[in-house]
1. Which of (1) more than 23 Å from Gln114 (Cβ to Cβ); (2) in contact (Cβ under 8 Å) with a residue 60 or more places away in the chain is the odd one out, the single condition Arg36 does not satisfy?
2. What is the residue count in the range 66-95 for residues that are small (Gly, Ala, Ser) and more than 17 Å from Phe48 (Cα to Cα)?
3. Does the range 170-193 contain at least one residue that is at pLDDT 80 or above and of a type in the set (Asp, Glu)?
4. Kindly provide the set of residues from the range 184-207 that are in contact with a helix residue (DSSP H, G or I) (Cβ under 7 Å, 6 or more places away or on another chain) and free of Cβ contacts under 8 Å to residues at least 24 places away in the same chain, ordered by number.
5. Tell me the strands (runs of 3 or more DSSP E) entirely within the range 1-86 that contain at least 3 residues that are open to solvent by 50 Å² or more (accessible area, probe 1.4 Å).
6. Could you list, ordered by first residue, the pairs with Cβ atoms under 8 Å in which the first is in the range 108-129 and at negative phi and open to solvent by 90 Å² or more (accessible area, probe 1.4 Å) and the second is of a type outside the set (A, V, I, L, M) and not in a helix (DSSP H, G or I), at least 6 apart or interchain?
7. Among the residues of the range 90-106, is any hydroxyl-bearing (Ser, Thr, Tyr) and closer than 24 Å to Leu14 by Cβ?
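The values are calculated or read from the model by the stated rules, or taken from the named source; none is laboratory data. Quick caveat: nothing in here was measured; it's all calculated off a predicted structure. Neighbour counts run over all protein chains shown; Cβ positions are idealised from the backbone, glycine included. Just so you know, the surface numbers come from the protein's heavy atoms only, side chains and all, with ligands and any DNA or RNA stripped out. Shrake-Rupley method; radii C 1.70, N 1.55, O 1.52, S 1.80 Å.
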Amino acid sequence: MIGKLKGVVDETGLDWALIDVGGVCYHASCSANTLRQIGGPGDAAVLFIETYVREDQLRLFGFATEAEREWFRLLLSVQRVGAKAALAILSVLDAAALARAIAFKDAKAIATAQGVGPKVGERIVAELKDKVPASLAVAGKDTDAGAGTAQSGAAPHRAEADAISALVNLGYAQAQAAQAVSRAAAKSDDEQTAEQLIRVGLKELAG
């Protein structure tokens, strides 16, 4: 069983990465957030691995952090949520943002992920609200002292989720949209609206 890969990025795609470990390349399916964090070809990378085994298939899922891997496992425990949907959610919401969405029952933020509708978003909130380990819940609160502060901190993530959803509706792939919005958000230290992120994200995609 593979628990972690430590090597060099050989190649990346929209939702996968090839990690060269001592000359052997491992293919891992990844969220857009993980792909952004591990960089591009030639960059040193560490992926925490979840192994998916079926009779005719062995598949690796890679995550930049242990927290993201734990959220992936939790999402798979929800009825009718598969690996594809779980990665789509983790592409739109990082571990901290997903913890906030669960804590504040923000099913709409979860439902912005490709292939995840309102009913599934509500089911995820309902089934996970009492199952989240303390370590993941604390990560979602960041350094906020109270619920009011945490809710205000969740606003930028909601704007990003709305921007990603809009770009997907325009025909872009989920991973492409997530990466473009992430780059757009990084261009300014100030909080940006969804409209601003969409505008800058489109420029990123055009470039």
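1. Arg36 satisfies every listed condition except (1).
2. Taking the range 66-95 as the starting set, the residues that turn out to be small (Gly, Ala, Ser) are 67, 77, 82-83, 85-86, 88, 91, 95.
Checking which are more than 17 Å from Phe48 (Cα to Cα) leaves us with 77, 82, 85, 88.
Within the range 66-95, residues that are small (Gly, Ala, Ser) and more than 17 Å from Phe48 (Cα to Cα) number 4.
3. The answer is yes; a qualifying residue exists.
4. The answer is Ala184, Lys187, Val200.
5. Details: elements: 4-12, 16-21, 24-29, 44-54, 57-63.
Passing ranges, in order: 4-12, 24-29, 44-54, 57-63.
6. These pairs meet every condition: Lys129/Lys105.
7. yes
For (1) modelled with pLDDT under 85; (2) of a type in the set (S, T, N, Q); (3) under 24 Å from Ala166 (Cβ atoms), each residue gets a yes or a no:
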position	(1), (2), (3)
Ile102	no, no, yes
Lys105	no, no, yes
Ala111	no, no, yes
Glu127	no, no, no
Ala134	yes, no, no
